[in-house]
Structures are given as C-alpha cells and as structure tokens.
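Presented below is the structure to which this report refers.
The values are calculated or read from the model by the stated rules, or taken from the named source; none is laboratory data. None of these values were measured; they are calculated from a predicted model. When we count neighbours, we look across all protein chains shown, and the Cβ atoms used for this are built from the backbone with ideal geometry, even at glycine.
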Amino acid sequence: MRFFFAACGTLLFSAFVILAGSGLLFGLLPLNASANGFSDTSIGILGSFYFAGMLLGCLIAPGLLRSVGHVRVFAAAAAIATAMPLGHALFFEPLAWGIMRMATGCCFAIIYAIIESWLNERATNEIRGVVLAVYNIINYAAIASGQQMLRLYDIGGFELFSLTAILISIAAVPVALTRTPAPTPPESPKLRPIWLYHISPVAFAAAIVVGFANGAFWSLAPVYATSLGFTAAGSADFITASIIGTVITLFPIGRASDRMDRRTIMAIVTGLSVIAALALGLCATFGMNSYWLLMGLSMIFGAAAMPIYALAGAHGNDHAKPEELVQVSTGLLLLYTIGAVIGPIVTAQLMSLVGAGGLFYWTAAVHALLLVYTIWRMTQRAPVKDKYREPFVPTPRTSPLAVELSPLVQDDDPDAVQ
C-alpha cells in the first residue's frame, strides 16, 4: 500500500489540483457571466457546451493516448485547459465562452482519463477499494475547495480566472516530471446503450435523469443562489453544502442497497430529492432566503439526489457479467453526459419564464418521473437475488476509465505495484 502511494502520490496531487480548478471554474463562470449581462439561457448553454466537450474528450482520449502517449497528451490538454480561463477573462462574448467551455470540458475529460489510467495500472486487486475510496474523497474535497476559492477575489475581476489557470498549470508539473512508466493505452470505449437498456432499464433511465438534473445544478446553481441575494461566498457555501450532504450519505445508502432491492433505495432517495427540490424552488418563488434554511435544503438535496447515479451503476452491475462491468459504466457515463448537455438548456429556458426557482422545479419534475418509472419497474421484474448482487462501489463521473479502479474489475497485471 505505501509503495503505491509513494509511486502515485504525485498523480493524486495532480488530480486534487485539477479538480479544485474545475470546481472554481464551475462556480466562477455563471457568476461572472451574470455580472457581465449574460442571459440565463446563455449561461445554461455554457454548461451544455462543457458537458458536450466532456463527451468528446471521453471518446477521443484512448486514440490520442495510443498515438502520442500519456505525458504528451496530458501536457497538451493541460496547456489548452490553462489558456481557456484566461480567454474567458479577455473575451466577454457568449459564443466565444461556449467554444472555450467545450474545449475545457474536452481537456478535463482527457486529463481525468490519463490520471485514472495511471492509477489503474499501478493498483493491485488487493488495494483497489482503498485507491478508489481515496480518489472519491479527493474528488469531493477538491471540488468543495475550488468553490470556496470564490471568497478570495471579486468575481467580476480577472484574478479568479488567473488562479484557475495557475491551478491547472501546477497540476501538469508532477505528471510531466514523473518517473513512473506510462501505462498501457486504454481501449476505445464500447458504447452499447440499447444493450444497457435491455439489461437494466432503471439504470438506463436514472443515468439520463441524473444528467438532466445535475448538469443543470452545476451549471446554474450559482445563478439561483445569487438571485436570492447571496454573495459569491454564499453561492460557494450553497454548493459546498450539497457536496457535504453527498459525502455523508453516499456510503450508508450504498451499503443499505446491498441488503435489499436497490430500486427500493433508489425510489426512497429519489422521492426525497423531489421534496428537497420543490422546497428549494418554493424558496426562490416566495423570496425565502434564510442562509441556514437554504444550506440545510441544499445538504438534503445533495444527500438524496447525488447518490442516485452510483445506485444506478450498482444496479446495472447486478445484471451484468463481470467482464461487462466496464461497458455498463461507459454506457451510463454516456447517458449521463447526454442528459447533462440537454438539462442546462431546458432549465435556463424555464428559469427565464418562472424565475430562479425553475432550476429546482425542473429537477423535481425529472426526479418525479424517475420515481414513477422505478416503482413501475419494480412491479415488472423481480429483485436480483442476494447471491448475484455485486457490492456497492461508487465511481466518479470523470471518465470511462474510473470504473477500472473498482475492485469488481479484476486486474491480472503481475507488474502492478505490490
């Protein structure tokens, strides 16, 4: 174990720093765009462009790694990703920002794939669970840290854009200087959405719905918070509260789903998501902007809504063969990203019509549809027997390679770090 972290500690550091930069940019762009007169629709489209870029990056990363190599691709992606925040500070035009946002999403997806490929290559079966747990913690902690950096400077200035660029640049240094041998380039992801629907309709539907809801949340939650009179710091706290809620409940919910029909747990947390989202929508409609009320509701929303994707992955794994788990994860990530492209656009239109509460009215509506569909599917198909149920193992929604860190996916490489 200690040899693994000695060999890959720099990679984990790079992951933390790049994710902190991503978290900062996710909070900064909607706030800065709103301050510069961008419409809600334009801000929603920016979020859609980012997730479209992530989808593109997931698809092209394996081919780039095979043709150029991990270090060169990482350096190129980091260079482009560093330039994009600086471009945002120079050009205040929605179309230019959309193109830059797509480039950022593509580069981040490639960077995540490289880091996860490296971690997967160096981890043995015995420590995969620990490595994945550490990687999950890094994801949540880094994004929350990035959000809190909004407190450092005025969101209308260039300083936070520069800080984002600095973070991305620093993240590239450990990878560029690593003496760890580059891993074997990954295979291109196999996309089989129809097959995935046939083996697990609930997992299929949940991935799309989570994309609809979470894509909108990450793209427009800062606009929601500031519309209620919060400062940039308050907006950062609002999103951080949802992350804290996720961290608190993710593993307990997952462990509970190991002991019963996962669809039952999914229905419960989806129902709670509907209630929390409706409450947040009504807060905006009626101007209820109590700090602690909104922080509490955000935490409840994160605690209920954010684990749904992980539950969907576990439910899909229950119906797949061991050699098909990577395909399940790849398919769910594809569906999630498609949903995340569509969600911010629809939500921004709704917010233009009914106000900031439209963000959470949309979220409540799509979760309500998932709840009804999940309950209906429970009447159509018996639950998976305990002996066929795979353990709950959450994986980050960063790239298709994240699932290969799971202990459910065996690695027989004798050269992995012991």
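Does the stretch 171-194 include one or more residues that are closer than 14 Å to Leu25 by Cβ and among the small types (Gly, Ala, Ser)? Yes; the residues of the stretch 171-194 include at least one that is closer than 14 Å to Leu25 by Cβ and among the small types (Gly, Ala, Ser).
Any chance the stretch 125-133 includes a residue that's free of Cβ contacts under 8 Å to residues at least 24 places away in the same chain, assigned to a helix (DSSP H, G or I) and not assigned by TED's automatic domain parsing to the domain that holds Phe230? Within the stretch 125-133, one or more residues are free of Cβ contacts under 8 Å to residues at least 24 places away in the same chain, assigned to a helix (DSSP H, G or I) and not assigned by TED's automatic domain parsing to the domain that holds Phe230. Scanning the stretch 338-364 for residues that are out of contact with any Asp or Glu (no Cβ under 9 Å at 6 or more places or on another chain) and small (Gly, Ala, Ser) yields a count of 6. Residues that are closer than 12 Å to Met306 by Cβ and surrounded by fewer than 17 Cβ atoms within 10 Å (Cβ to Cβ) within the stretch 248-266 comprise just one, Ile248.
One residue alone among Leu25, Leu31, Leu46, Leu65 is over 17 Å from the mean Cα position of the chain (by Cα), under 18 Å from Leu150 (Cβ atoms) and of a type in the set (A, V, I, L, M, F, W, C), and that residue is Leu31.
The condition (being without any contact (Cβ under 8 Å) to a residue 12 or more places away in the chain and among the charged types (D, E, K, R)) is satisfied by just one residue among Arg151, Arg192, Arg179: Arg179.
Reported count of residues in the stretch 387-409, each being among the aromatic types (Phe, Trp, Tyr) and part of a loop (DSSP other than H, G, I, E, B), is 1.
The residues of the stretch 280-300 that are in a helix (DSSP H, G or I), without any contact (Cβ under 8 Å) to a residue 60 or more places away in the chain and hydrophobic (A, V, I, L, M, F, W, C), listed by number, are Trp292, Leu293, Met295, Leu297, Met299, Ile300. Considering the stretch 139-246, the qualifying helices (runs of 4 or more DSSP H), each wholly inside and each with 1 or more residues that are touching a helix residue (DSSP H, G or I) at 6+ places or on another chain (Cβ under 8 Å), crowded, with 22+ Cβ neighbours inside 10 Å and not assigned by TED's automatic domain parsing to the domain that holds Gly355, run over 159-177. The one condition from (1) under 21 Å from Ala241 (Cα atoms); (2) touching a residue at least 40 places away in the same chain (Cβ under 8 Å); (3) assigned to a helix (DSSP H, G or I) that Leu272 does not meet is (2).
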